[in-house]
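Undergrad: This is the structure, below, for whatever I ask next.
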């Protein structure tokens, strides 16, 4: 009976969500995902890429430091990146953020976290890409799952020669209105004067993304990018034209700020304002990353 009633009322509910989302978008408030579910029948049943993080350490055949090389540290916004901040525990990848008085890899005192990518080890054109994770708890964090290609720096063909595809970004911890929401953003034409970007507002995550696992995915094809939260469609974007070149995947946590100095930036405040101050630590916990190809 419930399924029968749902079939009758589902179109009405779907229209209601569209109407409600229009007003939420007008006031820059988080919108609700639609009732449209990702159609996995379009893709090969077995993912062509899958890291379930079931081992005891990060698979170096798949992941490298994102702009971080070997034992070296790198400056990243209001903190620093070093590979020692990422570990595999109990079948999960943990990217920790912590204040280190001694630094790492020859780096100075400050806040350390990590970014890692599949650049040069696994890249794919088109398909469905998904991450299941828990966001790091605390203000001052900017965690993300995103796709990128080095040819995105080419400004001759807009997004056709590559784009930064942000499947999710989490920087709203501490914001009473936006805390359980995320954004999907497309960046094109490098990061210089010609850089351009577009997003469709904020999208609500049902539940608590800082304590519960949720999935975040993007279906990418020649028409554009369709984003999903927990398998439900949020938005479609074809800004700049869909990338038509292979892209690699990135997992990262940045500390809001610039030049190694936390100051909030895109986040809700500087990281040292969390309870515990410099003793505060947090984990970005990733259960898996998967990529599927079309049949």
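The values are calculated or read from the model by the stated rules, or taken from the named source; none is laboratory data. Remember, predicted model here, so these are calculated numbers, not experimental data. Positions of Cβ are generated from backbone atoms using ideal geometry, with glycine treated the same way; all protein chains shown enter the neighbour counts.
Undergrad: Could you grab me the full set of residues in the range 59-76 that are under 19 Å from the mean Cα position of the chain (by Cα) and at pLDDT 95 or above?
TA: 62, 63, 64, 65, 66, 76, listed by residue number.
Undergrad: Please go through the range 262-280 and give me each residue that is surrounded by fewer than 16 Cβ atoms within 10 Å (Cβ to Cβ), within 23 Å of residue 86 (Cβ to Cβ) and more than 20 Å from the chain's Cα centre (by Cα), ordered by number.
TA: 276, 278, 279
Undergrad: Right, here's the next one. Of the numbered conditions (1) outside any loop (DSSP other than H, G, I, E, B); (2) within 24 Å of residue 50 (Cα to Cα); (3) out of contact with any helix residue (DSSP H, G or I) (no Cβ under 9 Å at 6 or more places or on another chain), residue 160 satisfies every one except a single condition; which is it?
TA: Here residue 160 meets the rest and fails (2).
Undergrad: Given the residues 265, 256, 276, which is the only one that is without any contact (Cβ under 8 Å) to a residue 60 or more places away in the chain and within 25 Å of residue 176 (Cβ to Cβ)?
TA: Answer to the check: 276.
Undergrad: OK, next. With the structure loaded, tell me whether residue 128 is in a strand (DSSP E or B) and either over 17 Å from the mean Cα position of the chain (by Cα) or under 30 Å from residue 221 (Cβ atoms) (or both) or whether it fails that test. Don't jump to the end; show me each part of the working.
TA: Details: in a strand (DSSP E or B): yes; either over 17 Å from the mean Cα position of the chain (by Cα) or under 30 Å from residue 221 (Cβ atoms) (or both): yes.
Against the criterion (in a strand (DSSP E or B) and either over 17 Å from the mean Cα position of the chain (by Cα) or under 30 Å from residue 221 (Cβ atoms) (or both)), residue 128 qualifies.
Undergrad: With the condition kept exactly as written, say whether any residue in the range 161-179 is surrounded by 23 or more Cβ atoms within 10 Å (Cβ to Cβ) and at positive phi.
TA: Yes, that holds for at least one residue.
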